[in-house]
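Trainee: This is the structure, below, for whatever I ask next.
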Amino acid sequence: MEPLSEKQIRSSFVNCTKGEAARLRLPLDFAELPWEDLDFLGWVDPGAPLRAHFVLPRAQGPLGISLRVPPASRTSAVKSRMCEICLTAHAASGVTLLVAPLAGTRGREGNTVGVYLCADLACPLYLRGKRQPKLRSGLYEETLTLDERLARMSGNLDAFVGKVTAG
């Protein structure tokens, strides 16, 4: 991914207001991000830990999606979960349900779509082995190449973004 400026990031969001985009906080390590290892920029807002954001490169320019952690319901006895975007298995606390308001009128009416995602939104780093999940067991053995896994992640992310931006 090519490095993005703060202005590019803030102007990329399609499912929040300009005011919300102006108030979000960038990652604390923004100046040191490993852009060459990122297929998208994802982070939990340091000023609002129940908010997260990701920005994807697109031919038309970056596209940003704002997410939030929904109110907790019941505590689950699940010991592990899998991210729906990169398919990395984590201890249960390593994957979280994030919901995105839909873009446009439907989002302003309160409609959302959810996805179970790596809690730190570091999917590209997990796939490249730059970050390791806490759960280290032989749940499955990947036989796909890195390029194939990255393509699968990109397809899963595109499908989620399609749900947010549709209609």
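Trainee: So, in the range 61-96, exactly how many residues are over 16 Å from the mean Cα position of the chain (by Cα) and modelled with pLDDT of 95 or more? Please lay out each step first, then the result.
Mentor: Residues of the range 61-96 over 16 Å from the mean Cα position of the chain (by Cα): 61, 71-80, 91-92.
Filter again for modelled with pLDDT of 95 or more, leaving 61.
Result for the range 61-96: 1.
Trainee: Filter the range 42-61 down to residues that are in contact with a His (Cβ under 7 Å, 6 or more places away or on another chain) and among the charged types (D, E, K, R), then give me how many there are.
Mentor: Residues meeting the conditions: 1.
Trainee: Any chance you could count how many residues in the range 85-101 are touching a Phe, Trp or Tyr at 6+ places or on another chain (Cβ under 9 Å) and free of Cβ contacts under 8 Å to residues at least 40 places away in the same chain?
Mentor: Summing the residues that are touching a Phe, Trp or Tyr at 6+ places or on another chain (Cβ under 9 Å) and free of Cβ contacts under 8 Å to residues at least 40 places away in the same chain in the range 85-101 gives 3.
Trainee: Looking only at the range 1-19, count every residue that is more than 17 Å from the chain's Cα centre (by Cα), surrounded by 14 or more Cβ atoms within 10 Å (Cβ to Cβ) and charged (D, E, K, R) and tell me the total.
Mentor: 0
Trainee: Among the candidates 64, 104, 47, which residue alone is surrounded by fewer than 20 Cβ atoms within 10 Å (Cβ to Cβ), in contact (Cβ under 8 Å) with a residue 12 or more places away in the chain, within 20 Å of residue 166 (Cβ to Cβ) and of a type outside the set (D, E, K, R)?
Mentor: On the way: 64 fails: surrounded by fewer than 20 Cβ atoms within 10 Å (Cβ to Cβ); 47 fails: within 20 Å of residue 166 (Cβ to Cβ).
None of the others qualify; the one that does is 104.
Trainee: Here's something else I'd like to know. Which is at pLDDT 95 or above, small (Gly, Ala, Ser) and in contact with a Pro (Cβ under 7 Å, 6 or more places away or on another chain), of 12, 5? Quick ask: steps written out before the conclusion?
Mentor: On the way: 5 fails: in contact with a Pro (Cβ under 7 Å, 6 or more places away or on another chain).
Step by step, each of 12, 5 is checked, and only 12 is at pLDDT 95 or above, small (Gly, Ala, Ser) and in contact with a Pro (Cβ under 7 Å, 6 or more places away or on another chain).
Trainee: Now for a separate question. List, please: which pairs have Cβ atoms under 6 Å, are six or more places apart or on different chains, and start with a residue in the range 26-42 that is in contact (Cβ under 8 Å) with a residue 24 or more places away in the chain and crowded, with 18+ Cβ neighbours inside 10 Å and end with one that is aromatic (Phe, Trp, Tyr) and not in a loop (DSSP other than H, G, I, E, B)?
Mentor: 40/54; 42/54
Trainee: Moving to a separate point now. Just checking, how many residues over the range 51-61 are exposed (fewer than 13 other Cβ atoms within 10 Å of the Cβ) and of a type outside the set (S, T, N, Q)?
Mentor: Of all residues in the range 51-61, those exposed (fewer than 13 other Cβ atoms within 10 Å of the Cβ) come to 58-61.
From what's left, of a type outside the set (S, T, N, Q): 58-59, 61.
The total comes to 3.
Trainee: Got at least one residue in the range 79-96 being polar (S, T, N, Q) and surrounded by 19 or more Cβ atoms within 10 Å (Cβ to Cβ)? Give the steps one after another, and end with the answer.
Mentor: Of all residues in the range 79-96, those polar (S, T, N, Q) come to 80, 88, 93, 96.
With the extra rule that they be surrounded by 19 or more Cβ atoms within 10 Å (Cβ to Cβ), the set shrinks to 88, 96.
Yes, some residue in the range 79-96 is polar (S, T, N, Q) and surrounded by 19 or more Cβ atoms within 10 Å (Cβ to Cβ).
Trainee: While we're looking at this one, here's another question. Looking at the structure I just gave you, is residue 48 part of a loop (DSSP other than H, G, I, E, B), of a type outside the set (D, E, K, R), farther than 19 Å from residue 131 by Cβ and modelled with pLDDT of 90 or more?
Mentor: On the way: part of a loop (DSSP other than H, G, I, E, B): yes; of a type outside the set (D, E, K, R): yes; farther than 19 Å from residue 131 by Cβ: yes; modelled with pLDDT of 90 or more: yes.
Considered against the rule, which asks whether it is part of a loop (DSSP other than H, G, I, E, B), of a type outside the set (D, E, K, R), farther than 19 Å from residue 131 by Cβ and modelled with pLDDT of 90 or more, residue 48 comes out as yes.
The values are calculated or read from the model by the stated rules, or taken from the named source; none is laboratory data. Every value quoted in this text rests on a predicted model; they were computed, and no experiment measured them. Methodologically, a virtual Cβ is constructed for each residue, glycine included, from the backbone with ideal geometry; neighbour enumeration extends over all protein chains shown.
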